[in-house]
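Report on one structure; see the data block that follows.
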Amino acid sequence: MAVAEPWQTAEIPGPKKALVITKPEVVAAMIKRAKHPILIVGHRAAETELGDKKLIDYMIDFASKANIPVVATAHMISEFSKRDHKPAGFMPAVDIGNRLVDSEWMGIDGKGPHDLALFVGLPYYMEWAILSGLKHFALNLKTITLDNVYHPHASWSFANISVKDWMENLKLIMEKFEEGGR
Amino acid sequence: MNRKGVNVKIDELKTDVGLIKNLQLSIGKLIEETWAEPIGPTPFPSLTALREWDMKILQRYKPFYMPYCDVCCLCTFGKCDLTGNKRGACGINMSAQQSRIVLLACCIGTATHIGHARHLVEHLIEKFGRRCPIDVGGINVKVEAPITRLICGVKPETLGDLEEVLDYAETQLTHLLSVTHTGQEGSNIDFESKVFHAGMIDHIGLEVADIAQIAAYGFPKADPEAPLVDLGYGTINVEKPVILCIGHNVVPSVGIIDYMKENGFDGEIEVCGLCCTAHDITRYYKRGKIIGPISWQLRFIRSGVPDVVVLDEQCIRADSFYEAQNIKAPVIVASEKNCMGLPNRTNDPADAIVEDLVSGKTPGALILDPEKVGEVAVKVALKVAPLRKKFKAIPEVDEVIQKAKECRQCVDCRRACPQDLQIPEAMKAAAQGTLAKLADLYELCVGCGRCEHACPVGLPVHSFIVKAGEKKLKQETYKVRAGRGAIQDVEIRNVGSPIVLGEIPGVVAVVGCSNYPKGGVEVAEICTEFANRRYIVVTSGCSAMSAAMYKNEEGKTPYEIFTGEFTSGCLVNVGSCVANSHIAGAAIKIANIFAKRNLRANYEEIADYILNRVGAVGVAWGAYSQKAAAIASGFWRLGVPVIVGPHGIKYRRMLLGRTDREEDWYVYDARTGEKVYVGPAPEHLFYTAETKEEAMVMIAKLCMRPNDTMKGRAIKLTHYIDLHKRLYGTMPEDIHLFVRTIADVPVTMKDEIVKILEEKGWKETVIPDPTLLPRMIRKRKE
């Protein structure tokens, strides 16, 4: 198993650390296996450039292909609207975190509790903290971060990888959904 | 009020009855009751006296824990792995451990304020006497200490009266700290209740400290027209000797200013400050100058401008002594709480200390006598300035470019940076001869210096950023209104009704430290936005400074644009951190002065009033400290929600409401005893916003209260919807939760909103006389 270090040096995790995604196919497989996944997109997705596109563009593409409901945090709803995409919901990052620890919450679309939450584009330390809350108190939930930095509190995370590798990984994940979603 | 420690000694007394010799009489306390208001149910409340109130709040605003550490390492059973809410060797689980850590943080913050208050009160009693009256606003402020009156049930009239109040606070703090010992409290919710108690006790410390210094030092007394004072590096005359004071306790700074004035040096020397001491310097001395918030420490010391650095207490960088040595500026430490390893020279002659500091024989001295600090600092500044010639620790441009070429692009600086700033890219550009990218980081940098300690080559990265941003630094010339202290009773009378009815859309208190996610300009933008919208905007501490560090097209700073009167559309700087007490005090006084609710030891009723009727929200956009945690906790118990910036998530616990749980949002109608749904108003009690835009929308939302009149609610909804549309680009999806009757709907948006209400299956409800307290029901339901 690959070893990874938290992106922010001092954010040392505890005994239970995220498994490192070395093969993007694993992410695709986990999503396909999940009964009710959810994708949470933070404001940095609209600031982060991936080649000639923004991270949010990748996420819209990904969510559409994988048929995953999206929650936009902060003021990100405006960025989705600009791109003619209506997410399943928008709410503050701590609010969605708080709902995900509630095993009785019926989900952003009312279709039942989520069993897999994917995070991307939050400030590192916010995502770190929310993933910690979920690790400790949402015991039936698996979490994956799609950021290019290692998040020890997720169930699965990329290591600290370059933007180029990140783009390739995201594309590979999306390819797995090109033929008809989950 | 009460008198403590009365001692009578009679050597010899001849009377008709007989001769008395060597009579000694000691009385512990004299009770002198002059306050007619009846005592309420909870004078000097114990740890559990307000527990039921806390449980009501916590039932609605449940904790969401985000552990910062997976283990507990506080005793030798440990470390214990608490992952997944497991229990450790002592039996504690992760939820309780997190709330225990929050309590510990709040105890640290509370201890700091109470310690500060105790030092001030003791010093001021020594200087001005126990009977020095507490006058914080003359005839304009009859309720001089609303927090103390509310919590303790006493009415302090003199400095001596404050001792008993501090005795109580210190006792409570000791009990609270003991709660965090292994094998004490086991319930997270009870820990949370004690967090509230710590916060409430903290507010006593704040109030005592500020009213004592206002009364004794003659700070502005509830003055809406407190003077506009200088702020910013650019306001300092670098041709003069400069004394820099850092910290929060103004006593040594007062010693400096007094000595300077008494010895004819007023105007010869620049006295300036960083952090809250700076506020209090300008409250005492109009020529005093504020350099900026806490994050300006490294950049200003390294600039070489200060000739003497005086450290008092709180929020001082632990390496400030070493930083001052790098610019050859002698250091005077003036607080027992912060001795920096320096020799205690308190009892040495001032001139001997001056000689040693000027000659460099010793780089610093601990002096615990504030008058002596004043004499030594002034004499040293005058002698050292011509020798130092503003020796600085910031490299020249050529040096930055040369050194930047040593950068290995290892990215360790960026990984150490709390802001995740793109330092490696900027270093690469600098190595190629352009500092523009480094300059771009200047305003985003929080000045922590972690980048330098992470750099394997030892590059002074922060200094590079400051050099690149030097032009901006030198252009920092702003005006801030000196901290005015309390809010006048008449101001409360004037705004009480429109606040409670909702016609003034809210009171926004922008307070706290400078750990901002994207620079201090966001604070100025938040203040300006809400003052323009005719909210009451109040500031304090470092945020009050950041609010000033912005100019409009006419070159005016916000304090020059908005009134300093506590009224609709104002920008009111109350002062330093301890002046936050006046913000809590204003909320309390609305209940007391406007609504005529009894104040005395009547905490629960007043907090219930504030939670349900006073549309106030605290915003600590850059909160970093344990003190900030304690201050926030005091506001929570009082029913005032607090928003923190994204770094505030590191407080590791939020108190969040759930709009989807209808059952959480019922109150009693005090008129009928009926339970009435009032919607999520306010939705959260402690909440982290990810971006400024999110915070602004949430501020408007959290100002809504169940008691709003229809007109008031329509006004509040107008602001909420307008901000939501502008910043989110859409209509809010929860609008139906805040409309109680059709008359709540803003007229200009009626068609649009009515359509949404129909789609959501909205039903009309009544507007109650809201309370969470069954005892407040006037007529019980049959």
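No value in this document is a laboratory result; all are computed from the given coordinates. Computed from a predicted structure; not experimentally measured. Every residue, glycine as well, gets a Cβ built from its backbone with ideal geometry; the counts of neighbours run over all protein chains shown.
Over the C-alpha trace of the range B:37-217, radius of gyration and Dmax come out as 19.0, 59 angstrom. The Cα-based radius of gyration of the range B:397-459, divided by its Kirkwood radius, gives an Rg/Rh of 0.92. Normalising by residue count, chain B has a Cα convex hull of 204 Å³ per residue. Among B:PRO558, B:ASN598, B:VAL384, which residue has its Cα furthest toward the positive end of the charge dipole of the protein assembly as shown, with +1 on Lys/Arg Cβ and -1 on Asp/Glu Cβ? Toward the positive end, the furthest listed residue is B:ASN598. Shielding of peptide B:648-654 by partners, expressed as the average count of other chain Cβ atoms within 10 Å per residue Cβ, is 5. Using equal-weight Cα scatterers in the Debye expression, the normalised intensity of the protein assembly as shown in log10 at q = 0.05, 0.10 Å⁻¹ is -0.30, -1.24. Based on Cα contacts under 8 Å between residues 6+ apart, chain B shows a relative contact order of 14 percent. The mean number of partner chain beta-carbon atoms within 10 angstrom of a residue's beta-carbon across peptide B:682-689 is 3. In the protein assembly as shown, helices alone account for a calculated mean residue ellipticity at 222 nm of -12000 deg cm²/dmol, with every DSSP H run of four or more residues adding -39,500 (n - 2.57).
Each Cα pair under 8 Å and six or more residues apart adds its sequence gap; the mean of these over the residue count of the range B:397-459 is a relative contact order of 38 percent. Dipole magnitude for the protein assembly as shown: computed about the Cα centre from +1 point charges on Lys and Arg Cβ and -1 point charges on Asp and Glu Cβ, it is near 920 debye.
State whether the range B:714-754 is rounded, prolate or oblate according to the following rule on the C-alpha gyration tensor (a ≥ b ≥ c being the square roots of its eigenvalues): a/c under 1.5 gives rounded; otherwise a/b larger than b/c gives prolate, and the remaining case gives oblate. Prolate, since a/c reaches 1.5 and a/b exceeds b/c. Peptides A:73-86, A:16-29 ranked from most to least packed by the mean count of surrounding Cβ atoms within 10 Å: A:73-86, A:16-29. Remark: mean inter-chain Cβ contacts per residue of A:83-95 equal 4, using a 10 Å Cβ-Cβ cutoff to other protein chain atoms. Every Cα-Cα pair in the range B:596-650 was counted, and those over 12 Å apart are 67% of them.
Summing Cβ point charges (Lys, Arg +1; Asp, Glu -1) relative to the Cα centre of the range B:37-217 gives a dipole of roughly 580 debye. Considering every alpha-carbon pair of the range B:41-141, the percent of pairs per 10 Å bin, from zero through the bin containing the longest distance, is 12, 24, 27, 20, 12, 5. Annotation: amide H of B:CYS570 within the under-5 Å range of B:VAL537, sequence separation 5 or more or interchain, hydrogens built in the peptide plane. Across the range B:122-129, coupling constants 3J(HN,Hα) worked out from phi with the 6.51/-1.76/1.60 Karplus curve, θ = phi - 60°, read 4, 5, 6, 5, 4, 8, 10, x Hz, and Gly and Pro carry x. Within the range B:233-388, the ratio Rg/Rh, alpha carbon atoms throughout and Rh by Kirkwood, equals 0.91.
Show me the three semi-axes of the equivalent ellipsoid for the range B:623-756, from the C-alpha gyration tensor (sqrt of 5 times each eigenvalue), largest first, rounded to whole Å.
27, 20, 12
Highest-first packing order for the peptide set B:626-633, B:524-531, A:90-97 is B:626-633, A:90-97, B:524-531, based on the mean count of other beta carbon atoms within 10 Å.
The orientation-averaged projected area of the convex hull spanned by the Cα atoms of the range B:306-352 comes to 3.6 nm².
In the calculated pair distance distribution of the range A:48-182, what percentage of Cα-Cα distances lie above 25 Å?
Percent of Cα pairs beyond 25 Å in the range A:48-182: 23.
Scanning residues 5 or more positions from A:ILE21 or on other chains, those with amide H under 5 Å from its amide H are A:SER157, A:PHE158, A:ALA159, with H placed 1.01 Å from N in the peptide plane. Computed from backbone phi, the HN-Hα couplings of the range B:238-246 come to 6, 6, 9, x, 10, 9, 9, 10, 10 Hz, rounded to whole numbers (Karplus: 6.51 cos²θ - 1.76 cosθ + 1.60, θ = phi - 60°; Gly and Pro given as x).
Spacing of the modelled spin labels on A:GLU178 and B:LEU19, each 7 Å from Cα toward Cβ, amounts to 11.7 nm.
In terms of overall dimensions, the range A:23-75 has a Cα radius of gyration and Dmax of 11.9, 33 angstrom. In terms of other Cβ atoms within 10 Å, B:ARG713, B:ARG345 run from fewest to most in the order B:ARG345, B:ARG713. Rounded to whole numbers, the Karplus 3J(HN,Hα) couplings from phi for the range B:469-484 are x, 4, 4, 5, 4, 6, 8, 6, 10, 9, 10, 10, 6, 4, x, 8 Hz, using 6.51 cos²θ - 1.76 cosθ + 1.60 with θ = phi - 60°, and x at Gly and Pro. Here the simple spin-label model places points 7 Å from the Cα toward Cβ, and for B:SER497 and B:GLN409 these points are separated by 6.9 nm.
Across the range B:37-217, the mean sequence separation of Cα contacts (distance under 8 Å, 6 or more residues apart), normalised by length, yields a relative contact order of 33 percent. For the range B:483-579, the spherically averaged projection of the C-alpha convex hull amounts to 6.1 nm².
So in the protein assembly as shown, what percent of DSSP beta bridges are antiparallel if you round to the nearest 5?
In the protein assembly as shown, approximately 35 percent of DSSP beta bridges are antiparallel ones.
What are the residues whose amide H is under 5 Å from the amide H of B:ALA670, where those residues sit 5 or more places off or on another chain and H is modelled from the backbone? Those lying under 5 Å, H to H, from B:ALA670 are B:ASP769, B:THR771. With a Förster radius of 25 Å applied to the C-beta separation of B:ASN85 and A:GLU104, the computed FRET efficiency comes to 0.90. Taking the Cα centre of chain B as origin and assigning +1 to Lys and Arg Cβ atoms and -1 to Asp and Glu Cβ atoms, the resulting dipole is close to 740 debye.
Given a Förster distance of 25 Å, report the FRET efficiency between B:GLU443 and A:GLU47 from their Cβ-Cβ distance, rounded to the nearest 0.05.
Between B:GLU443 and A:GLU47 the formula returns 0.90.
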